[in-house]
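The values are calculated or read from the model by the stated rules, or taken from the named source; none is laboratory data. What you see is a predicted model; the values in this text were computed from it and never measured. Note that we place each Cβ from the backbone using ideal geometry, even for glycine, and neighbour counts take in every protein chain shown. We work out accessible area using only protein heavy atoms, side chains counted, and drop any ligands, DNA or RNA first. Shrake-Rupley method; radii C 1.70, N 1.55, O 1.52, S 1.80 Å.
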Amino acid sequence: NSCGIGPWAATSAFRTGPLVCNTYVSTDVPKAIPDNTTVNSIVTIPDAFTITDVNVYLDQLTHTFDGDLLISILHPDTTAVVLSNSRGGSGDNFTNTIFNQEAATPIASGVAPFTGSFIPDGNLASLYGKTSSGTWTLRVADQASLDTGTLQAWRLNICGTTMATSADYSDLASGYGIAWHTG
């Protein structure tokens, strides 16, 4: 049956809360990245909303052998998403690097110094639907000897919807702000 035709046809109205997009900057950097060590840097997010998009910005991570690095973002519930796993070979640095699930180029196809938007090795969409609030962790693991670096600056940009309140429904009678679904 076509949508809206047949015994299962139904029409309903629903309203989500307002869309928000906020940027949160880490304040516990710079952090040295020694050989064979894992370094954690955090961002604590006080705002609580349902995540619809997450982008991770490595504004500056210097390292003399990017292929040594395993870089991940951890949601407050400990869900981990691998951003870059041993990418870049002997190339140096992540400079103005954006990990964006909707980017055109996978990080696996990028070249150091990584500059621009890249699809991470893991799936940032696995964080969609979760709450934004809590302590997020950027984890950088140096998995080899001889080369070191420094995490200079990073930030998160998170978009989502807040929970709708009764005030959000005040225009239901007028028909404005309603999303209709038939099917």
Failed item in (1) over 22 Å from Ala32 (Cβ atoms); (2) within 11 Å of the chain's Cα centre (by Cα), with Ala104 passing the rest: (2)
Test: residue in segment 113-133 that is exposed (fewer than 13 other Cβ atoms within 10 Å of the Cβ), polar (S, T, N, Q), modelled with pLDDT under 95 and part of a loop (DSSP other than H, G, I, E, B): no
Ile42 being modelled with pLDDT of 95 or more, among the aliphatic types (A, V, I, L, M) and open to solvent by less than 60 Å² (accessible area, probe 1.4 Å): no
Per-region count, segment 17-68, residues among the polar types (S, T, N, Q) and farther than 17 Å from Leu151 by Cα: 6
Given (1) among the acidic types (Asp, Glu); (2) open to solvent by less than 40 Å² (accessible area, probe 1.4 Å); (3) under 18 Å from Trp154 (Cα atoms), number of the condition Asp92 does not satisfy: (2)
Matching residues, segment 14-34, being at pLDDT below 95 and open to solvent by less than 50 Å² (accessible area, probe 1.4 Å): Gly17, Val20
Odd one out for Glu102, checked against (1) open to solvent by 60 Å² or more (accessible area, probe 1.4 Å); (2) within 21 Å of Thr150 (Cβ to Cβ): (2)
